[in-house]
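Notes for the one structure printed next.
The values are calculated or read from the model by the stated rules, or taken from the named source; none is laboratory data. What you are looking at is a predicted structure, and each value in this text was computed from that prediction instead of being measured. Quick reminder, even Gly has a Cβ in these numbers, built from the backbone with ideal geometry, and neighbours come from all protein chains shown.
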Amino acid sequence: MSGQKVTLAKALNMGLRKAMEDDPKVLVMGEDVGKLGGVFRITDGLQKDFGEDRVIDSPLAESGIVGTAVGMALRGYRPVVEIQFDGFVYPAYDQIVCQVAKMHYRSQGRSKMPMVIRIPFGGGIGAVEHHSESPEAQFAHTPGLKVVACSNPVDGYWMIQQAIACDDPVIFLEPKRQYHADKAELDDSEAPEPLFASRVVRRGADATLLAYGPTVKTALNAAAAAADEGRSLEVIDLRTLSPLDMAPVYESVRRTGRAVVVHEAHVNLGLGAELSARITEECFYSLEAPVLRVGGFDTPYPPSRIEEEFLPDLDRVLDAVDRSFGF
Amino acid sequence: MSGQKVTLAKALNMGLRKAMEDDPKVLVMGEDVGKLGGVFRITDGLQKDFGEDRVIDSPLAESGIVGTAVGMALRGYRPVVEIQFDGFVYPAYDQIVCQVAKMHYRSQGRSKMPMVIRIPFGGGIGAVEHHSESPEAQFAHTPGLKVVACSNPVDGYWMIQQAIACDDPVIFLEPKRQYHADKAELDDSEAPEPLFASRVVRRGADATLLAYGPTVKTALNAAAAAADEGRSLEVIDLRTLSPLDMAPVYESVRRTGRAVVVHEAHVNLGLGAELSARITEECFYSLEAPVLRVGGFDTPYPPSRIEEEFLPDLDRVLDAVDRSFGF
Amino acid sequence: MTQHPGFGPDLAEVFGPAAQDGGPELIQLLTPEGERVEHHDFRFDPGAGVDEAETIRGFYRDMVLTRRIDTEATALQRHGELGIWAQLLGQEAAQVGAGRALRPQDYVFPTYREHGVAWCRGLDPLKLLGLFRGVDQGSWDPAERNFGLYTIVIGAQTLHAVGYAMGVQRDGAVGTGEPDRDTAVVAHFGDGASSQGDVNEAFIFAASYNAPVVFFCQNNQWAISEPIERQTRIPLYQRALGFGFPGVRVDGNDVLATYAVTQAALQRAREGQGPTLIEAYTYRMGAHTTTDDPTRYRLSEDVERWKLRDPIARVQVYLKRNGLADEAFFAAVAQEADELGVHLREGCKAMPDPAPLSMFDHVYSELTDELTAQRDGYAAYLDTFEVSAGSTTEGAAR
Amino acid sequence: MTQHPGFGPDLAEVFGPAAQDGGPELIQLLTPEGERVEHHDFRFDPGAGVDEAETIRGFYRDMVLTRRIDTEATALQRHGELGIWAQLLGQEAAQVGAGRALRPQDYVFPTYREHGVAWCRGLDPLKLLGLFRGVDQGSWDPAERNFGLYTIVIGAQTLHAVGYAMGVQRDGAVGTGEPDRDTAVVAHFGDGASSQGDVNEAFIFAASYNAPVVFFCQNNQWAISEPIERQTRIPLYQRALGFGFPGVRVDGNDVLATYAVTQAALQRAREGQGPTLIEAYTYRMGAHTTTDDPTRYRLSEDVERWKLRDPIARVQVYLKRNGLADEAFFAAVAQEADELGVHLREGCKAMPDPAPLSMFDHVYSELTDELTAQRDGYAAYLDTFEVSAGSTTEGAAR
Ligand SMILES: Cc1ncc(C[n+]2csc(CCOP(=O)(O)OP(=O)(O)O)c2C)c(N)n1
Ligand SMILES: Cc1ncc(C[n+]2csc(CCOP(=O)(O)OP(=O)(O)O)c2C)c(N)n1
Ligand SMILES: [Mg+2]
Ligand SMILES: [Mg+2]
């Protein structure tokens, strides 16, 4: 497969397939994941090749899906659950935060919970309500869960396999508007980076942009635009939201003295709040300005015709950078 | 009733009674709220006096309770829902964040959602798992919900009535370990403070402690202990967690230059994160040290025999103040 | 395999999915061939003093116009005027039968597909398009026509319906015998939705409080790509029996039967006899939504078979064969449909995008200080583009 | 009130809550008076070559010891050694009957009250106390005895059971005919739990996949202060019919009947015939937990009436009257119970509190860097008290 150029959607599909080939205990479950291959086709062809016992179309009940996945994990399987859209994870919220997250802890490590919960998340595809949510902060606030977000095909391919191999439950966030946005080359011969590590995706000296999932591209575009104006922005793709991998962040902010966090989730109590608090604690004397946050406003997700107003874009990022320099 | 000294539990009971007397549309629903008067007896005697139609014992299903309350609100009622313990709000999470929180918005203000969801929250009563959670950050992250926490009998009495009178849905957090801890005098003749306002509960000059619900007392005790050592701490009872009332906070921190947030919720992405981010943005040049956070650790709530280790206490607060002065 | 006595017969075998035509329990009053038939329990009764033929012509008109709403909206989606559309093709009779059985005071909690019920409630169908166009999330006042906003989270509205019905009870608007006062509530949902915890909790609450609610399930055989067999192994209407209230299966492609059964169930509710589950047995002739591709998961033979049971055709045949409607009538309805089409096309295209700052409206009953600050900050930010257009980045072109 | 034909008889009236003794559908093999009775479908069969009397003596012993666990734990709570205790008084037969019907490979998902099942699984009952004492959240290895951890969030474990059973299917451990291989899963839950969405979804998934699971509902008539009538208006076992699998009501105070019915249901599951719902009709003789005060919501007459149906007494009478056990046997069991009491009292008091820093263990399969930092920071903080004891604040006394 080396050299193949694929979309994020395809990369995830290939990663899932690889994980299923490598380990017969890996199961895929969810609504419409079988014949249809999922509404985004991420599981396309898997049922055909691995059978109905391993690629399981489930009744229409998210709590049921996650709850039965808990039981399968207890039986020794590694379920990969698909939540059809971000806004539909909430019926399963109780099972996720009270059962999935706590099983390993309360059993004193006796019962592992190797489950991956895949959630296509974020906006920008012109969808109706409940189809563009960014629920990550709620999961990251829950000890026992790990939360990661991929932003590009190469990461998608590797991270899904790593998440499946992880013995802890992983909330796996897929930026749905990136599914078919860009293609990248997959190279199976290269060893992947670790799953729970952030990555500097563009070097810069004047300020640090922190992003993940769908906003990595926004941040990279902003950095490119800023470069035209002579401002050098460093961009970090956080990749792991819980645990956070702060070392590269601190290193960067200590150098640049400025940080702007960019996410689609509501600013209030979004990841930006935690990043701001930690950076300020650790880099207090290096900061030239407070950490600024660009995110979804603190309103419900608006009708799609104005979602671009709600979502952080290049200009709002650059505006925040300007404000940072205004301090 | 003037001059009566009552516990928080009693004050809430009296407040509920008053609200039910004042408005026949006010209903109380939940598990065991009827004959039993709730496991904490907050609804004690209400069914006897207002009948089974207004004080409704519900089937054992939290989503059902909140979901039917939505329908009652649409019919013109003002339901007050009791969630038996913090950890049992999650089966209702979908109804709360997708329906209750959004109804007013998506109907363009046509459908009001005057619902109060009462949640006894926090730890310190030696309970088993799921009975000591602090879910506030998740609700505060959700636009459309308002979130308040009372910390004492007088506030309990007034705030519950104000929450019921509010046309927006209010998550009403009651610090369960304070239910019977202290008594205070209720004076019906005094007009209450507004619901969505924070309050300085102890003046001080050297640093500002921010607390709410169960940790207000912790913070006050810490301030008293610090005073013995010649350190003057200001204490703010936030009272409203969403929206936040930041003006008194900024005013205080600009004066003291230091802030420590104290809550029982996990530190990671808890309210402290948001407070830290906002304070740093607004008071950047006044801060002598980063905002520090004292909270529950980022572990599931531990067995009760060591919950005191998990919960922020006077010493951990003072330690944080020391660390603030160490900057 | 040993048989274990005491557990009764294998229900899955007794009722199994074999009954592709709806089975013997299917209540039908008008066959696919357009023949009126008798049913021992239900009969079509448009009400005292009301002309039967006129009522049926009205149903025909409702169904034709409902279908036109659907085809127009589908076309509008294809032309990029709507982001998505949830088609009801094939479900017109279920919806018109259910919608016309309502009294004004009854209240309806729809899913996202109840365009035909909305039509019966007197909503301007243009209002249905806003959500799918992405300009709003429901643009009608639910209280005006007692028709709730569309609900997208599967099953959530069924609990709202039960709670609303409990409010009706508390208002004393059940069992008074006053026709304009006694009120029933309808909860719409699909076959897939029957698996959601919320729907089952709605059954439990409704039974526990004997709430005046009718659960109207359009079993269109599919939940996106999943067939009904994934959700239940016995006929869906029997779910109600486990909760202690009646369930019936009606031919959802038969507008007369659907009307009759719904009317009776609503009447039970209004009289205080509690909840009923109606399974309207029908078929989703189109895709799940305009973004779906059903060829991936179902056979065109099935669709062809169901075409023979078209809900509109059978009424047309019936009216024609019995001389109850003339060509002028059919032409007039067709004409009306064309006008409706124009109304929808023109109205849809003319729908303005919401103002960006409207995003901050109605989060709460009053704008909070926090949100005021956010809105004002954003407004000021937007203003910078006005004055300095083109000065900084490409975004200035916004 | 008009009767509406077509919706069937009023089920609530047909089955109504009137049947206080469990109704005619109650499966019983040993009466409260200690008489063996026949049932047309179920009979007590301890297995080929097993002595019946010895088995029943074993049940007696199990029940007496289970009750002793309960009374000891209750006393330990009164003495402040436990924070709370969930009593099972009155439910011994339901639990021992269900527990003894299991094979080693079967897997049990309990609530927080299945002390008798735990006993049958061979767990040291001391292990049950940790959760209630507050020193752990479940101290046994679920895989060791195929007995899951106690689950406090109502109903959650029923889905786990179905998922586990789906895993069993995938392992090919159903319907092979090999007695040591074919595996059933039991989901325990209460009457109150039957209202949770999760439990109903568990029914749906189990039916949809024909999972080898037995839903064992102890209807002890109460969910804290709420009577069964709040949760259902027809007998609870009938809930299963709506989902397409069998439900039966067994006398939960009759250990022989509970054993027989559970055994048959487990066997159905193991053979691949799918799920069964068993309603064990019983009564919570004590409070909900040691913090509850049932006098606020129920009549002592009811409790008195149920005392006459004590699950242990009837077995004792049966054994004595039929000369199947002598005084030495009863004395030996009593002696064993006393020893168990000592074991529990001493063991409980000796249970150490967890080390503070253990709080950070097992959040994840490996300690993350974040948590390592938090733990180390906290450890360093704790160390300051060691060295500077008494120097700063009163907290130094910790
Ligand atoms: C809680 C939730 N989960 C998933 C979805 C995605 N979804 C939308 S429609 C649908 C299928 C619904 O099937 P059914 O209830 O039969 O109604 P129909 O679409 O056939 O009218 C699904 C899975 C959703 N909207 N809400
Ligand atoms: C989701 C959830 N809601 C509420 C509670 C509080 N609670 C604990 S036990 C109980 C009653 C359970 O009744 P039932 O299912 O009949 O079991 P029983 O206690 O009678 O054995 C309640 C409401 C809980 N543990 N979990
Ligand atoms: Mg359907
Ligand atoms: Mg019970």
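Listed here are the residues, each with its yes/no results for (1) touching a residue at least 40 places away in the same chain (Cβ under 8 Å); (2) within 20 Å of D:Thr372 (Cα to Cα); (3) out of contact with any helix residue (DSSP H, G or I) (no Cβ under 7 Å at 6 or more places or on another chain).
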residue	(1), (2), (3)
A:Cys98	no, no, no
A:His104	yes, yes, yes
A:Gly109	no, yes, yes
A:Met115	yes, no, no
A:Phe121	yes, no, no
A:Val128	yes, no, no
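Yes/no matrix, rows are residues, columns are (1) without any contact (Cβ under 8 Å) to a residue 60 or more places away in the chain; (2) not in a helix (DSSP H, G or I):
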| residue | (1), (2) |
| --- | --- |
| C:Gly80 | yes, yes |
| C:Trp85 | no, yes |
| C:Ala98 | no, no |
| C:Leu102 | no, yes |
| C:Val108 | no, yes |
| C:Trp119 | yes, no |
| C:Leu128 | yes, no |
| C:Val135 | no, yes |
| C:Thr151 | yes, yes |
Practice item. Determine if the stretch B:181-198 includes at least one residue that is closer than 17 Å to B:Asp237 by Cα, in a helix (DSSP H, G or I) and either polar (S, T, N, Q) or not assigned by TED's automatic domain parsing to the domain that holds B:Gln99 (or both). Key: no
Point to revise | Output for the stretch C:321-352, where each listed residue is under 27 Å from C:Gly80 (Cα atoms) and surrounded by 13 or more Cβ atoms within 10 Å (Cβ to Cβ) | key: C:Glu336, C:Ala337, C:Leu340, C:Gly341, C:His343, C:Leu344, C:Arg345, C:Gly347, C:Cys348, C:Met351
Exercise for review: Could you please find all residues in the stretch C:202-246 being over 17 Å from the mean Cα position of the chain (by Cα) and of a type in the set (Val, Ile, Thr)?
Suggested key: C:Ile204, C:Ile228, C:Thr232, C:Ile234
Practice item. State which residue is nearest to ligand 3 (Cβ to nearest atom) when the search covers only the stretch B:89-110 and only residues that are touching an Asp or Glu at 6+ places or on another chain (Cβ under 9 Å) and more than 7 Å from every other protein chain (Cβ to nearest Cβ). Key: B:Ala92
Exercise for review: Might you check whether a residue that is in contact with a Lys or Arg (Cβ under 6 Å, 6 or more places away or on another chain), part of a strand (DSSP E or B) and modelled with pLDDT of 95 or more occurs anywhere in the stretch A:295-312?
Suggested key: no
Practice item. Kindly list, by first and then second residue, each pair from a residue in the stretch C:175-193 that is touching a residue at least 24 places away in the same chain (Cβ under 8 Å) to a residue that is within 16 Å of ligand 4 (Cβ to nearest atom) and hydrophobic (A, V, I, L, M, F, W, C), limited to pairs with Cβ atoms under 9 Å and residues at least 6 apart or on different chains. Key: none
**Study point:** Odd one out for C:Ala73, checked against (1) at pLDDT 95 or above; (2) outside any helix (DSSP H, G or I)
**Key:** (2)
Review point. Within the group D:Val174, D:Val162, D:Val199, D:Val168, which residue is within 18 Å of A:Pro59 (Cα to Cα), more than 11 Å from chain C (Cβ to nearest Cβ), over 15 Å from the mean Cα position of the chain (by Cα) and hydrophobic (A, V, I, L, M, F, W, C)?
Key: D:Val162
Study note, to complete from the structure: Only unsatisfied item for A:Leu275, checking (1) facing chain B (nearest Cβ under 10 Å); (2) free of Cβ contacts under 8 Å to residues at least 12 places away in the same chain, is (2)
Check your understanding: If you scan the stretch C:203-262, which residues turn out to be facing chain D (nearest Cβ under 9 Å), touching a Leu at 6+ places or on another chain (Cβ under 7 Å), in a helix (DSSP H, G or I) and within 16 Å of ligand 1 (Cβ to nearest atom)?
Key -> C:Arg239
Revision key, fill the gap. In the set A:Gly30, A:Gly38, A:Gly3, the lone residue that is at positive phi, more than 16 Å from ligand 2 (Cβ to nearest atom), touching a strand residue (DSSP E or B) at 6+ places or on another chain (Cβ under 7 Å) and modelled with pLDDT under 95 is A:Gly3
Exercise for review: Could you check C:Leu277 against (1) within 16 Å of ligand 3 (Cβ to nearest atom); (2) assigned to a helix (DSSP H, G or I) and say which number it fails?
Suggested key: (2)
Point to revise | Of all residues in the stretch B:41-61 being within 12 Å of chain D (Cβ to nearest Cβ) and in contact with a strand residue (DSSP E or B) (Cβ under 6 Å, 6 or more places away or on another chain), the one that is nearest to B:His180 (Cα to Cα) | key: B:Thr43
Practice item. Say whether the condition of being β-branched (Val, Ile, Thr), free of Cβ contacts under 8 Å to residues at least 40 places away in the same chain and more than 30 Å from A:Leu311 (Cα to Cα) is met by at least one residue in the stretch C:368-379. Key: no
Practice item. Answer with yes or no whether B:Val260 is touching a residue at least 60 places away in the same chain (Cβ under 8 Å), crowded, with 21+ Cβ neighbours inside 10 Å and touching a helix residue (DSSP H, G or I) at 6+ places or on another chain (Cβ under 9 Å). Key: yes
Check your understanding: D:Val96 passes all but one of (1) modelled with pLDDT under 95; (2) assigned by TED's automatic domain parsing to the domain that holds D:Gly167; which number fails?
Key -> (1)
Practice item. For C:Leu299, state whether it is under 30 Å from C:Pro179 (Cα atoms) and away from ligand 2 (no atom under 16 Å from the Cβ). Key: no
Review point. Where residues in the stretch D:104-157 are among the charged types (D, E, K, R) and touching a His at 6+ places or on another chain (Cβ under 9 Å), which of them is nearest to D:Thr258 (Cα to Cα)?
Key: D:Glu114
**Study point:** Flag if B:His141 is crowded, with 24+ Cβ neighbours inside 10 Å, in the same structural domain as B:Pro24 (by TED's automatic domain parsing) and not charged (D, E, K, R)
**Key:** yes
Exercise for review: Six or more apart or on different chains, Cβ under 7 Å: which pairs go from a residue in the stretch A:38-67 that's farther than 17 Å from D:Thr158 by Cα to one that's part of a loop (DSSP other than H, G, I, E, B) and among the basic types (Lys, Arg)? Could you list them?
Suggested key: A:Gln47/A:Lys35
Exercise for review: For the stretch A:66-113, enumerate the residues that are part of a loop (DSSP other than H, G, I, E, B) and within 16 Å of ligand 1 (Cβ to nearest atom).
Suggested key: A:Ile83, A:Gln84, A:Phe85, A:Val89
Practice item. Give B:Leu269, B:Leu241 a once-over and let me know the one that is assigned to a strand (DSSP E or B) and either under 16 Å from B:Leu287 (Cα atoms) or in contact (Cβ under 8 Å) with a residue 12 or more places away in the chain (or both). Key: B:Leu241
Review point. Of (1) within 14 Å of ligand 1 (Cβ to nearest atom); (2) within 14 Å of another protein chain (Cβ to nearest Cβ); (3) touching a Gly at 6+ places or on another chain (Cβ under 8 Å), C:Ser139 satisfies all except one. Which?
Key: (1)
Exercise for review: Mind listing just one residue for me: the one in the stretch B:208-232 that is more than 22 Å from B:Glu281 (Cα to Cα) and surrounded by 23 or more Cβ atoms within 10 Å (Cβ to Cβ) and, of those, nearest to the other protein chains (Cβ to nearest Cβ)?
Suggested key: B:Ala222
